[in-house]
Amino acid sequence: MTQPLDGKRALVTGAGRGLGAGCAKALAAAGAELWLVSRSATELDMLAAEIVQAGGRAHACVADVTDTAAVDRVFDVLPGLDTLVNNAGTNRPQPFLEVDEASLDLLLTLKLRAAFLVAQRAARKMRKHGSGGVIIHMSSQMGHIGSPNRTVYCATKHAIEGLTKAMAVELAPLGIRVVSVAPTFVETPLSRPMLADPKFQAFVHDMIPMGRLATVDEIAAAVLFLAGPGAGMVTGSSLLVDGGWTAR
């Protein structure tokens, strides 16, 4: 099947750049109609235009996912939903003893509370239309391990992995699958400043048995598989795309 998602509707949060944009383009190429959510109108408009120019269908929805009213407005305009890629996120690496409350609140609000509420609204939309669907949380290898200077990030990603399992069990009777994708480091606008530090870059490469970073396309391919019919019995699990980091 060249377009396994033909006729499906997908929503991607954090779609303006990086992993979100890559996932959106892959889903559109597979036939899905995309709703793109981000805070940046310029980035969304450019991405939507790129998808349309390639023969796909896309709608830009400017919204901050931490704003519940804005999220509700996005879901109000959706005629239906088959796939959610719950991707919006950020990071502020800090030593545990130096984590400030503003950073703690930011990450907990965006990466856990907002992710929970977006997933809840997606599941309600899927239930309303009665055709099932799949919710894909963008997790991380850090949802399976610990790492220096990432206590808050790890806490949110471990929570997302637990949320994935609990949602999968509860929503299975509705035909809704819930999974996560757990990448290693990928060079994106978010990670690029961290990877610019030669010492940190050496640490990352040394921890990945495959000896390189993952690519946006590799993460998008994992999302595409999980969204497609070939993953019909995959739920409650995490697909690690980490080059072997967590195998150590």
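The values are calculated or read from the model by the stated rules, or taken from the named source; none is laboratory data. Because the structure is a prediction, the values reported are computed rather than measured. Virtual Cβ from ideal backbone geometry, glycine too; neighbours counted across all protein chains shown.
Here are some notes:
- Within segment 104-121, residues that are within 16 Å of Ser38 (Cα to Cα) sit with their Cβ atoms under 9 Å from residues that are among the aromatic types (Phe, Trp, Tyr), at 6+ positions apart or across chains, in these pairs: Lys111/Tyr153; Val118/Phe75.
- For beta carbons closer than 8 Å, sequence separation of 6+ or different chains, a first residue in segment 90-103 that is without any contact (Cβ under 8 Å) to a residue 12 or more places away in the chain and a second that is of a type in the set (S, T, N, Q), the qualifying pairs are Asp100/Gln94.
- Scope segment 128-149; condition in contact with a Gly (Cβ under 9 Å, 6 or more places away or on another chain), surrounded by fewer than 20 Cβ atoms within 10 Å (Cβ to Cβ), at pLDDT 95 or above and not small (Gly, Ala, Ser); matching residues: Lys128
- Residue check for Val65: in contact with an Asp or Glu (Cβ under 9 Å, 6 or more places away or on another chain), modelled with pLDDT of 95 or more and aliphatic (A, V, I, L, M): no
- When Gly89, Gly80 are checked against the criterion of being under 23 Å from Leu224 (Cα atoms) and at pLDDT below 95, Gly89 stands alone in meeting it.
- Residue tally, condition on the phi < 0 side of the Ramachandran plot, in contact with a helix residue (DSSP H, G or I) (Cβ under 8 Å, 6 or more places away or on another chain) and not in a loop (DSSP other than H, G, I, E, B), over segment 125-154: 16
- Which numbered condition Pro229 fails, given (1) buried (at least 16 other Cβ atoms within 10 Å of the Cβ); (2) within 26 Å of Leu84 (Cα to Cα): (1)
- Matching residues, segment 161-192, being in contact with a strand residue (DSSP E or B) (Cβ under 8 Å, 6 or more places away or on another chain), of a type in the set (A, V, I, L, M, F, W, C) and either within 20 Å of Gly146 (Cα to Cα) or surrounded by fewer than 15 Cβ atoms within 10 Å (Cβ to Cβ) (or both): Leu163, Val181, Ala182, Phe185, Val186
- Restricting the first member to segment 199-223 and to residues that are without any contact (Cβ under 8 Å) to a residue 60 or more places away in the chain, and the second to residues that are crowded, with 18+ Cβ neighbours inside 10 Å and assigned to a helix (DSSP H, G or I), the beta-carbon pairs closer than 6 Å and six or more apart or on different chains are Met207/Trp245; Ile208/Trp245.
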